[in-house]
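Notes follow once the structure below has been shown.
Computed from the coordinates by the stated procedures, all read-outs in this text should not be read as laboratory data. In this text the structure is predicted, and so the values were computed from the model without any measurement. Neighbour counts are summed over all protein chains in view; Cβ atoms, including those assigned to glycine, are modelled from backbone coordinates with ideal geometry.
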Amino acid sequence: MNPQRRVHRIPITTDLSGADIALALHDVVGDHDGPTLAVLSGLHGSEWLTVEIVRRFLGLLKPSELAGRVLALPVGNPVAFNHLTRNTPLDESDASDLNRIFPGYRKTITEMLAQAITAHVLHPCQYLVDMHLGIWGATWYSVGWPKDLPERSKVRLAGKMAQAFGCPLIYHQHLSEYPGSRSAAGYAGMNLQVVPIHVEIGGAGFAPDVEERWIEMNVNGLLSVMKSIGMLRGDPIELDRYLHYKHFVRIEPSKGGFLYPAVLVDALGTEAPAGTTAGRVVSPYTLEEVENLVTPVRGVWRQIARAYPVRPGSWGFAVANLEEEGVGWGPPRDL
Amino acid sequence: MTNWAVRIGTADTLAGARGFISLPVTTKLDGSLLTIPVHVVCGAEPGPRLALISTLHGGEWFSIEILRRAVDAVDPSRLRGALIAIPVGNPEALNHFSRNMPDDSDEPDLNRCWPGGKTWLSEQIARVIAENVLPVVDCLADYHVGPWGSAMGVVSYGTDGSADIVAKSEAMARAFGYPCIRALHRSSGFPGPRSLGGYAAAKLGIPNIGPSIGGPGFGDETEEVWLGENIQGILNVMGHLGMVDRPKHPASRIFRFHTRGIRVVPSVGGIIFPEPAGRTLLREVQAGEVLGRVVSPYSFQEVQVLKSPVDGILFGVCRQYPVRPGDWAFFVAETAGEGSEWVDG
C-alpha cells in the first residue's frame, strides 16, 4: 500500500440488518508540507454525481506535486446513498438530514455519521469544500462564499477559494442562515476555524456530454482551489467577471405532476427578466396544465430542471436575485 | 358520423369526442381519494378499441409522456374505433418513484396481481381497471420502460394463448415497426398469468403487446428519438388495426427472440459505468464483450466487470448511475438462441 495514498475505514455502527455501516475516507499525503483540504461529497444520498467528481479528482492528484494533505469523503451518508434519498431513511428522529446536525450528539445513525465526520474530517482540516448538486432531474450552478466566518482573514480566503473554482455565480452566503450553523460547512467554519466553501454545480439525468462538462468543471475547480491555497503549483482560475449575489429565489412546483422546463440547461448563468416562464407542470392524470412556474424577480439562472415527475416542492428552478442592492456582475472581489 | 360511444364506468364518451374519466379506487390513510385516470378518444366511426396502459410500475414513468403525445396526436374526427389511455396505472407507486406499491402487502407488484379482488391497494387498482376498462377493450398495449438510468428496446407479445390471439398479438408487435420483438409465454411464463398482458390474453382473449422502448436519464436528444419511435409505433399499430388511414411502416428487418433475454446486471452495489459497447440499444455484442464495470463508490476500486455471456443483441442498456445489487443494467438476446431469427418486417 502506498503510505501517501490510503483509504481509511471508519466504522460507525451495526444496523438492524447486521450490516456494518462505515465511512471510506481517502487520504492523500503530499511530498511537501502544506495545509489539509477536506472534500465532502454525498452528505445527501441523492446527490450522487459528486462521487464521480471525487473519484476523478483523486485520480489526478500526485503526492510528488502536492503540498499538504487531501482528505476526501466520496459518500458522506452511505445509508441514504443506498436508498438514493436526501436524508437517512427510516430515521424517525427530528434530525435525519446529515447536513443540518453537525457535530452530532445523539446515537442515531445520522448523528453518529456527523460525529465521525467531525472527528476524522473536519477537525484535521484547515480548508473544506462541501459539494452538493442536483439529484436525478435537476442541476445547480453556483459556488458559495461564506461571509459570516468569525475572522475577516478567513472570509477573504474563502472568497479566493470560491472564485478560484471557476463558476461565475458567486453566492455571498451567510452560513448561519443557510444551510445553517449545524451544516458541515457552517459548523466547521464557525467553530473549528476551517475555511469552507459550498459548491453546487451539476446534476444527473441529462445528456452525457452535458454532465461531462459539469464533472470536468468540478474537477478543475477543485484543482484550482488547491492552487489558490498553495497546495498545488500554478495559477488558479480567475474569470474576468463574476455575478456576486446575496439571495436566490426558488421557483418550484407547489403541485405534483410532470414538469416541463421552458429553459434548457444551456441557460444556466444567463439572465432572465422577471416574469419569465421557467416551466409548467402538467397533470399526468388529466394531462392538463396545473401550474405555470414564473420567475418572480429579475435574476440569473442558478438551478434548472429537466422534464421529470415532481411532487409538491420538488427541485425545479432558481434564480440569483438581481433586484437587490450590491448585486451584479463584476471583476473578482477581495472582500 | 355514426352514433356510438365508449362507456368507462358510468361515463359515455360519444362519437367524435374526447373524454376523461377518473375511476375511484379507495380512500387512503391521508384522506385523499385514490383514482385511476382514463382518457378516451372516441372515433367518429366505430372500430377497434385500443387501450394504452402506462406506469403500472411507478418507476417507469417515461411512458407517461408517450401516452400524452399519443392521445394528443389522434384526431377523433378521423378515427375509427377508440383510443383508451391510462397514463398512470399506479399513482401511488409513481408518487414514490418505486416499481411496486410502497406497502407491506402480499401483492405489491401491480403487474403480478390481475384481475385483483383482494383489498390490498394493488389488487384494488387491478380490479377497478379490470371491471371498468378491460371489458370495453379489443386490444391492448401495456407499457414498461426503463426507470431512471436504464432503457429498454423491445416489443413483446405472447405465444401461449389461442392461435387467434397469438396471431393478432404478433401482428400488432410486428406492425409497431420496431426492429426487435420478443415472443414470450406471457400467460404461463413471464410476466405470468397474473400480469396484465398475461391475464388479458388468457382470460379475456384480448390480443396485446408490451412495448418497452426508452427510459429517462439519457438527455433530450436520445430520449426524443425514443419518444418518437413510440408514437410512430402506436400510430403504426392503429393503422394496422384500421383505426387510422396510414401506410404501413414495417421495420426493414426485425430480430425476434423467444426468451426473456439474459440479464447482465450487477450483483454488487456501486457506480456502474457502461462501456461504449453497452450504451447503444440493439447493438450486436459478442460473447465475452465487456458491457460495463461496477466501481465501488467507497474504495473506487473496480468490483465487478459485466460481460455479455453470449453473442447477442443488446436490448437493455444503462448510463452511469449508482446501482444496488440486481439493479437494471443490460439485457442481451442470444442470437443463437432457440427460435431467435432475423425476419422481414
* For region A:36-52, state whether one or more residues are touching a strand residue (DSSP E or B) at 6+ places or on another chain (Cβ under 9 Å), over 30 Å from A:G230 (Cα atoms) and more than 11 Å from chain B (Cβ to nearest Cβ). => no
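Can you name the strands (runs of 3 or more DSSP E) wholly within region B:260-336 that have at least 3 residues being touching a strand residue (DSSP E or B) at 6+ places or on another chain (Cβ under 7 Å) and more than 20 Å from B:P147 (Cα to Cα)? Spell out the reasoning first.
Details: elements: B:262-264, B:270-274, B:290-295, B:302-307, B:312-318, B:321-323, B:330-334.
It comes to B:302-307.
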* To do: Check whether at least one residue in region A:300-312 is farther than 30 Å from B:A93 by Cα, charged (D, E, K, R) and buried (at least 18 other Cβ atoms within 10 Å of the Cβ), and report yes or no.
  => yes
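What about B:A200, is it in a helix (DSSP H, G or I) and of a type in the set (G, A, S)? So that I can check it myself, show each step before the final result.
Values: in a helix (DSSP H, G or I): yes; of a type in the set (G, A, S): yes.
Judged against the criteria, B:A200 is a match.
Kindly indicate whether A:R213 is surrounded by fewer than 22 Cβ atoms within 10 Å (Cβ to Cβ), within 14 Å of another protein chain (Cβ to nearest Cβ) and not hydrophobic (A, V, I, L, M, F, W, C). Walk me through how you get there before you give the answer.
On the way: surrounded by fewer than 22 Cβ atoms within 10 Å (Cβ to Cβ): yes; within 14 Å of another protein chain (Cβ to nearest Cβ): yes; not hydrophobic (A, V, I, L, M, F, W, C): yes.
Considered against the rule, which asks whether it is surrounded by fewer than 22 Cβ atoms within 10 Å (Cβ to Cβ), within 14 Å of another protein chain (Cβ to nearest Cβ) and not hydrophobic (A, V, I, L, M, F, W, C), A:R213 comes out as yes.
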* Structure fact -> Output for Cβ contacts, cut-off 7 Å, separation at least six or different chains, first residue free of Cβ contacts under 8 Å to residues at least 24 places away in the same chain and farther than 28 Å from A:L61 by Cα in region A:1-26, second acidic (D, E) and surrounded by fewer than 17 Cβ atoms within 10 Å (Cβ to Cβ), reads A:T14/A:D20
* Which of the following residues is surrounded by fewer than 17 Cβ atoms within 10 Å (Cβ to Cβ), more than 28 Å from A:E177 (Cβ to Cβ) and either β-branched (V, I, T) or touching a helix residue (DSSP H, G or I) at 6+ places or on another chain (Cβ under 9 Å) (or both): A:L60, A:L66? -> A:L60
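Looking only at region A:148-164, decide whether some residue is closer than 30 Å to A:P309 by Cα, crowded, with 19+ Cβ neighbours inside 10 Å and touching a helix residue (DSSP H, G or I) at 6+ places or on another chain (Cβ under 8 Å).
Step one: filter region A:148-164 for residues closer than 30 Å to A:P309 by Cα, giving none.
No, that holds for no residue.
Taking into account only those residues within region B:79-99 that are facing another protein chain (nearest Cβ under 10 Å) and not in a loop (DSSP other than H, G, I, E, B), which is farthest from B:R69 (Cα to Cα)?
Kept after step one, since they are facing another protein chain (nearest Cβ under 10 Å), are these residues of region B:79-99: B:85-88, B:91, B:94-97.
Now drop any that are not not in a loop (DSSP other than H, G, I, E, B), which leaves B:85-86, B:91, B:94-95.
Working: B:A85: 11, B:I86: 13, B:P91: 19, B:L94: 19, B:N95: 21 Å.
Restricting to residues being facing another protein chain (nearest Cβ under 10 Å) and not in a loop (DSSP other than H, G, I, E, B), the top hit is B:N95.
If only one of B:G326, B:G261, B:G316 is touching a Pro at 6+ places or on another chain (Cβ under 9 Å) and either farther than 17 Å from B:C180 by Cα or not aromatic (F, W, Y) (or both), which one is it? So that I can check it myself, show each step before the final result.
On the way: B:G261 fails: touching a Pro at 6+ places or on another chain (Cβ under 9 Å); B:G316 fails: touching a Pro at 6+ places or on another chain (Cβ under 9 Å).
The unique qualifying residue is B:G326.
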* Any idea which of (1) assigned to a loop (DSSP other than H, G, I, E, B); (2) within 14 Å of chain B (Cβ to nearest Cβ); (3) surrounded by 14 or more Cβ atoms within 10 Å (Cβ to Cβ); (4) in contact (Cβ under 8 Å) with a residue 40 or more places away in the chain is the one A:F258 doesn't satisfy? -> (1)
